[in-house]
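*Asks:* Dumping the structure here so I can ask a few things about it.
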Amino acid sequence: MRTELIVVAGLLVAAGAAAQEHRPSEDEMFGAKPEAPTAAPSGSAAPAESTAPAASGAPPGAPPVTPPPGTNPAAATEAQAPAPPSSAPADSRDEAVLGGHETQMFTEEAAPSDPLRIGGQLYLRAQTTALAGQHPGNYSFSTPALADVYFDARPNDRVRGFILGRMIYDPTLPTDSSSFGTATLPATGGTSGSANLSSLFGQQSRSPRLFLDQLWLRFDIAHTVFVTAGKQHVRWGTGHFWSPSDFLHLTFRNPLDVFDARTGTTMVKLHFPVESKAWNFYAYGVTENADATPTVSHVAGAARAEFVVDTAEFGVGAFVRRDQDPKVAADVSFGIGDFDLYGEVALKNASEIDRVRFTPDAQFTAPSGTTQDEYLASLKTATDALYRVYRDHDYRPQIVGGLSYARKYNDNDTFTVGAEYFYNGFGYSDEHAYPGLLLPHTTDLTQPAPFFYLGRHYGALYVTFPSPFKLDLHTFTLSTLGNVSDRSFITRFDYSYVLLTHLRFEAFASARYGNPQGEFRFGVSSPLLPPSSPAVFDLGVALRLAI
């Protein structure tokens with residue numbers, strides 16, 4: 001294991017205009033920086049699941065349940081008061097049976113006057129990546145657009161239903177996906193988490209892609225057990241950039257994403273708060289997995305406990321699925337003076353993870369064929385020979401540790417600096433195996449290492465200035481992200497400006513440097529691929545409308 005560490009990292013500004021008070025905020029939709037674990041007071045709605053502090057653009061957690069915003073307390077009291085006698089018994093009977101606007105049947109909770117909210121966001125981007133020695137006219141170009149629409153139903157304080165759908169569209173892609181090749185690694189994140197390298201081989205079409213991000217119901221049982229059933233976000237761990245213990249998402253978060261746009265996971269969550277100690281206990285039945293769930297025996301189970309001791313927060317959890325070794329995790333966060341410290345560790349068995357090993361002395365036949373299918377078949381056979389697939393059978397740790405420091409430098413102005421280190425027990429010590437993860441094999445790899453989890457050692461460093469001095473609508477962030485194992489880095493400057501109440505302008509510029517074949521430059525070198533130039537810099541702009 002290398003002992004050298006170059007502290008680096010990538011933190012992006014989570015943009016998004018603030019929503020109106022009577023609508024769910026973007027933090028509710030995509031996850032906000034959670035507070036310390038707290039138990040729900042008797043008679044209140046279930047608190048949001050407790051997780052450790054998250055960086056700007058924090059990965060999504062289940063949207064917190066709060067009393068319906070915009071509800072007038074006086075109106076609620078009036079609704080709960082007995083209705084005056086009516087001179088029309090028939091009308092009173094109809095209201096009692098069919099549900100009038102005074103009270104609801106079979107519940108002590110009164111319905112708000114506006115129980116359904118509709119909103120969403122529109123996110124338009126344009127970005128380019130330059131390769132070494134490339135003419136500016138040949139720089140890559142893409143304009144990915146994202147649209148979210150949500151329906152938030154809160155008939156009373158104890159029941160809530162939420163649906164969020166997503167569409168992604170990029171008109172710069174080809175009209176069909178019949179052709180294939182190696183795409184450029186973009187400097188901004190994707191829209192579905194940290195992707196496998198194989199996603200760069202081949203092409204997607206410009207046809208709009210539709211996703212279901214969230215679809216859940218939440219209610220409580222006797223103000224004691226809080227139930228959330230359906231497709232939802234639950235995040236474990238305390239890491240700002242890397243989250244190896246985030247077992248309940250199907251993909252890892254991409255640190256370069258401006259906001260975490262991974263879709264949720266379908267499950268049933270039971271929350272048991274202990275109010276007197278501010279402790280929380282959770283149990284999960286996970287019905288959605290990377291593979292199908294054809295029988296009851298394929299449903300995964302998980303459990304987590306969170307404790308508050310003085311000023312420190314601790315969490316432990318485990319994830320179990322049939323025919324797989326259990327995964328366990330623990331995390332902690334605490335403060336020392338002006339510093340916030342955090343850490344997490346995840347233990348997983350390598351027995352279900354396909355790894356590749358570059359064997360330069362292997363005998364293979366160069367890919368050939370008169371048709372695309374024939375060429376692709378011969379390429380897969382050659383890839384199997386040159387990049388052999390294997391599995392280990394031992395538990396390995398993935399460890400994250402970090403700190404942040406915030407300082408006030410003016411009456412209402414602060415800046416924050418932070419650093420994070422990630423040891424990845426499943427990472428590769430150099431870049432020679434990367435083409436084996438990129439190129440297709442005769443059998444698709446199972447759980448191969450994705451981007452930002454390729455190396456053995458990573459580091460992060462960032463500084464952010466939100467609303468400095470009189471620039472109340474501006475935010476500036478400078479960050480660096482690096483793979484210390486293969487010695488490749490990316491330094492990025494992000495800027496955001498609130499144009500109008502719900503409209504935000506974003507821009508970024510990044511420089512890539514270090515090992516030309518490393519993860520963040522990705523000038524892939526392989527006997528099976530033509531020479532590829534490494535990335536040098538990236539530019540991008542975006543507009544985001546959120547309501």
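Read-outs throughout are calculated quantities, based only on the coordinates presented, and are distinct from any laboratory measurement. Since the model is a prediction, treat every value here as computed from it, not as a measurement. Cβ coordinates were reconstructed from backbone atoms using ideal geometry, including for glycine residues, and neighbour counts include every protein chain displayed.
*Asks:* Sort 315-322, 340-347 for me by packing, meaning the mean count of neighbouring Cβ atoms within 10 Å per residue, highest on top.
*Replies:* Put in order of decreasing packing, that is 340-347, 315-322.
*Asks:* Under the classification rounded if a/c is under 1.5, otherwise prolate if a/b is larger than b/c and oblate if not, where does the range 341-459 fall, given a ≥ b ≥ c as square roots of the Cα gyration tensor eigenvalues?
*Replies:* Note, shape of the range 341-459 comes out prolate.
*Asks:* Quick check for me: using +1 on Lys/Arg Cβ and -1 on Asp/Glu Cβ, what's the dipole size of the range 333-482 about its Cα centre, in debye to the nearest 20?
*Replies:* Magnitude of the dipole: close to 160 debye.
*Asks:* Give the share of C-alpha pairs in each 5 angstrom bin for the range 322-402, from 0 to the last occupied bin, in whole percents, shortest bins first.
*Replies:* 3, 12, 13, 12, 11, 10, 10, 10, 8, 5, 4, 2, 1, 0
*Asks:* Could the peptides 468-480, 362-374 be put in order, highest first, of the mean number of other beta-carbon atoms found within 10 Å of their residues?
*Replies:* Packing proxy ranking, top to bottom: 468-480, 362-374.
*Asks:* A further question follows. What order do you get for 429-438, 287-296 when each peptide is scored by the mean count of other beta carbon atoms within 10 Å, highest first?
*Replies:* Per-residue Cβ counts within 10 Å, averaged per peptide and sorted highest first, yield 429-438, 287-296.
*Asks:* OK, next. Identify, among PHE314, PHE339, VAL356, the residue whose Cα sits farthest towards the positive end of the charge dipole of the range 300-361, taking +1 on the Cβ of Lys and Arg and -1 on the Cβ of Asp and Glu, with the dipole about the Cα centre.
*Replies:* In the range 300-361, that residue is VAL356.
*Asks:* Give, as ranges by residue number, the residues of the range 333-357 whose backbone N falls under 17 Å from the point 7 Å along Cα→Cβ of ARG391.
*Replies:* 348-357
*Asks:* Continuing with this model, one more query. Would you calculate the separation in nanometres between label points at PHE334 and GLN447, each defined as 7 Å from the Cα along the Cα-to-beta-carbon direction?
*Replies:* Spacing of the two 7 Å Cα→Cβ label points: 3.1 nm.
*Asks:* What is the magnitude of the charge dipole of the range 225-325 about its Cα centre, with +1 placed on the Cβ of each Lys and Arg, -1 on the Cβ of each Asp and Glu, and no other charges, expressed in debye to the nearest 20?
*Replies:* 200
*Asks:* Here's a follow-up. Taking the Cα centre of the range 411-475 as origin, work out the dipole magnitude from +1 charges on Lys and Arg Cβ and -1 charges on Asp and Glu Cβ, in debye rounded to 20.
*Replies:* Using only the charged Cβ atoms, the result is roughly 120 debye.
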